[in-house]
Each structure stands twice: as C-alpha cells, then as structure tokens.
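Accompanying notes for the structure given below.
The values are calculated or read from the model by the stated rules, or taken from the named source; none is laboratory data. Here the structure is a predicted model, which means the values were calculated and not measured. With ideal geometry, Cβ positions are generated from the backbone for all residues, glycine too; neighbour counts draw on all protein chains shown. Surface areas here come from the heavy atoms of the whole protein model, side chains and all, with no ligands, DNA or RNA. Shrake-Rupley method; radii C 1.70, N 1.55, O 1.52, S 1.80 Å.
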Amino acid sequence: MVEQLDELYREVILDHFKSSAHAGTIPGAQIHQEGANPLCGDEVAFDLKLDGGHIQQVRFKGHGCAISQAASSMLAAQLEGKSLREAAALIEAMKGLMQGVEPAESIDLGDLEALAGVRKFPVRIKCAALSWNVVEQGLSEYSRQQTAHSTQKGQHPGS
Ligand code: ZN
C-alpha cells in the first residue's frame with residue numbers, strides 16, 4: 001500500500017521506517033505506554049521523559065508495518081519540546097486529519113503531514129493511529145496519577 005502513496009510521502013515514510021532517530025527506550029521515563037493494532041500485527045511502546053509540564057525526550061520501540069513504525073517515529077520527533085497541552089492538541093489534529101479535517105494553522109505537524117495520504121486507505125488508518133492512541137493513553141494515565149497523587153496529599157495532610 002505504501003507504493004500507492006505519493007512519491008514524496010513514500011520517501012518520508014520509508015526514511016522514518018528504516019532508521020529513526022527516536023528508536024529506543026528511556027530508563028526511568030515518567031510515561032511508559034504500550035499498544036497494538038491486531039488487525040495488522042503492529043506493536044509499539046513509547047517512553048516519554050517529562051520535565052515539568054514539558055516533554056523532554058521521546059523514544060519508541062516496536063515492530064510492524066512501515067506506516068505504524070514511521071508514524072511512531074514522526075510523532076516522537078514532533079512531541080519533543082512540547083508542553084503536555086500542545087501534545088494533546090497535536091494528537092487531536094492528527095485524529096482530525098485522518099477524518100479529512102485540516103489542522104489549525106497554529107499546529108505544526110512536521111513530517112506527520114506525510115501521513116495525510118493514509119486516510120485514503122481506511123484499513124491503514126489504524127496503523128498510523130496506533131502511535132497517537134498509545135501516547136494519548138500514556139498522557140491521560142499520567143495526568144490521572146498526578147491528580148490522584150495531589151488528592152491523596154490533600155486528604156492526608158502531614159502524613
Ligand atoms: Zn500496520
């Protein structure tokens with residue numbers, strides 16, 4: 001299916017698939033989240049290292065089709081340096097893009113833009129979406145933990 005994409009996009013996707021600057025793991029990362037797309041056999045695990053409210057470093061590890069792994073690589077690159085809020089906005093933009101909604105001008109998709117053509121192949125949308133679904137889940141787990149933590153502290157002052 002990659003062959004059916006525009007030549008330029010094909011190149012970008014294959015480059016990310018063949019060698020990603022963001023492949024790997026981060027020991028001690030605050031967020032670790034895994035997911036799979038059983039329809040295609042794609043698997044990916046993301047590590048996000050946070051610094052305050054910002055994403056300092058992102059690494060991913062996985063296997064599967066070119067789309068799933070390239071999407072993970074592109075997303076990892078784009079998330080680094082973003083605030084948690086910006087990351088959520090980026091993920092929303094990618095979900096919208098898969099529905100044919102052009103992202104707001106304030107959102108820089110970077111290489112993720114190469115995935116716009118994937119929406120023509122509905123079965124492949126799940127391959128690309130695996131990456132942002134996993135990160136979204138990781139971010140919401142993290143914020144849930146943070147909330148629980150601060151609530152706990154509030155309930156047991158001085159303990
Ligand atoms: Zn796939």
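Annotations
- Any hit, the stretch 149-159, residues being assigned to a helix (DSSP H, G or I), within 16 Å of the ligand (Cβ to nearest atom) and not polar (S, T, N, Q): no
- Scanning the stretch 6-49 for residues that are assigned to a strand (DSSP E or B), open to solvent by less than 30 Å² (accessible area, probe 1.4 Å) and out of contact with any Phe, Trp or Tyr (no Cβ under 6 Å at 6 or more places or on another chain) gives Gly35, Asn37, Asp42, Ala45, Asp47, Leu48.
- None of Ile107, Ile91 is more than 16 Å from the ligand (Cβ to nearest atom), within 20 Å of Val58 (Cα to Cα) and in a loop (DSSP other than H, G, I, E, B) except Ile107.
- Scanning the stretch 62-88 for residues that are open to solvent by 10 Å² or more (accessible area, probe 1.4 Å) and away from the ligand (no atom under 16 Å from the Cβ) returns Ala77, Gln78, Glu80, Gly81, Lys82, Ser83, Leu84, Arg85, Glu86, Ala88.
- Residue count for the stretch 47-68, restricted to those that are touching a His at 6+ places or on another chain (Cβ under 7 Å) and not aliphatic (A, V, I, L, M): 3
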